[in-house]
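**Q** Just passing along the structure, written as structure tokens.
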Amino acid sequence: MVSSLAPADRRGARAFRLTLGICQEILAHARAGFPEEVCGIVSGKEDEAVALYRGRNISPTPRVAYELDVETLTKQIEFDDVGLTLAAIYHSHPAGPETPSETDIARATYPDSVYLICCLADLARPSLRGFRIVASQVWEVALSEATT
């Protein structure tokens, strides 16, 4: 469990906006991959998700960790070409917690991206939360519904 979770407003973080469709796609991916962790990326512009890209978890221990495949990560180049960014990286925690694990924090190398975690610990009530991870510091980012 993360002990250094800072309040979202400490860094002046704005809410990250996702469409309901993108949220549903993350949840569907997480359920399809259960009991293993799944992962993918989200392109975006100015704190708003534009499109989701499912990745492959190539971790040797996919029930407790994720490692995004290179093919999916290189889509960032395409994002740059059309004026988008790697807005978010998502993965699931099939058994929890809802917050980044110590491994997630240690492996976080995209300080400008939101890390989305879909927790399936309670299959009847899955959760999706967002975090910024910069230099081993973790801040929760509010998620809100985009209207477009």
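The values are calculated or read from the model by the stated rules, or taken from the named source; none is laboratory data. Since the model is a prediction, treat every value here as computed from it, not as a measurement. A quick note on method: Cβ atoms are made from the backbone with ideal geometry, for glycine too, and the neighbour counts reach across all protein chains shown.
**Q** Which numbered condition in (1) outside any loop (DSSP other than H, G, I, E, B); (2) free of Cβ contacts under 8 Å to residues at least 60 places away in the same chain; (3) out of contact with any helix residue (DSSP H, G or I) (no Cβ under 9 Å at 6 or more places or on another chain) is the only one that residue 98 fails?
**A** Failed condition: (1).
**Q** Only one of these is in a helix (DSSP H, G or I), touching a strand residue (DSSP E or B) at 6+ places or on another chain (Cβ under 7 Å) and not charged (D, E, K, R): 133, 105, 117. Name it.
**A** Exactly one residue qualifies, and that residue is 105.
**Q** Given the conditions (1) of a type outside the set (D, E, K, R); (2) on the phi > 0 side of the Ramachandran plot; (3) without any contact (Cβ under 8 Å) to a residue 12 or more places away in the chain, which single one is not true for residue 70?
**A** (2)
**Q** Out of all the residues in region 53-83, which are of a type in the set (A, V, I, L, M) and farther than 20 Å from residue 133 by Cα?
**A** Across region 53-83, the qualifying residues are 58, 70, 77, 82.
**Q** Can you tell me which residue in region 16-55 is farthest from residue 93 (Cα to Cα), limited to those that are in contact with a helix residue (DSSP H, G or I) (Cβ under 7 Å, 6 or more places away or on another chain) and either of a type in the set (A, V, I, L, M, F, W, C) or without any contact (Cβ under 8 Å) to a residue 40 or more places away in the chain (or both)?
**A** Looking at the filtered set, the residue picked out is 49.
**Q** Now a separate question. Return the residues of region 106-148 that are surrounded by fewer than 18 Cβ atoms within 10 Å (Cβ to Cβ), under 13 Å from residue 66 (Cα atoms) and either within 14 Å of the chain's Cα centre (by Cα) or hydroxyl-bearing (Ser, Thr, Tyr) (or both); say none if nothing qualifies.
**A** Once the filter is applied, which keeps residues that are surrounded by fewer than 18 Cβ atoms within 10 Å (Cβ to Cβ), under 13 Å from residue 66 (Cα atoms) and either within 14 Å of the chain's Cα centre (by Cα) or hydroxyl-bearing (Ser, Thr, Tyr) (or both), region 106-148 yields only 107.
**Q** Look at region 8-35 and say how many of its residues are assigned to a loop (DSSP other than H, G, I, E, B), surrounded by 17 or more Cβ atoms within 10 Å (Cβ to Cβ) and either β-branched (Val, Ile, Thr) or at pLDDT 95 or above (or both).
**A** 1
**Q** Give the number of residues within region 136-148 that are in contact with a strand residue (DSSP E or B) (Cβ under 6 Å, 6 or more places away or on another chain) and farther than 14 Å from residue 105 by Cβ.
**A** 4
**Q** Only one of (1) in a loop (DSSP other than H, G, I, E, B); (2) farther than 17 Å from residue 96 by Cβ; (3) under 14 Å from the mean Cα position of the chain (by Cα) fails for residue 65. Which number is that?
**A** (2)
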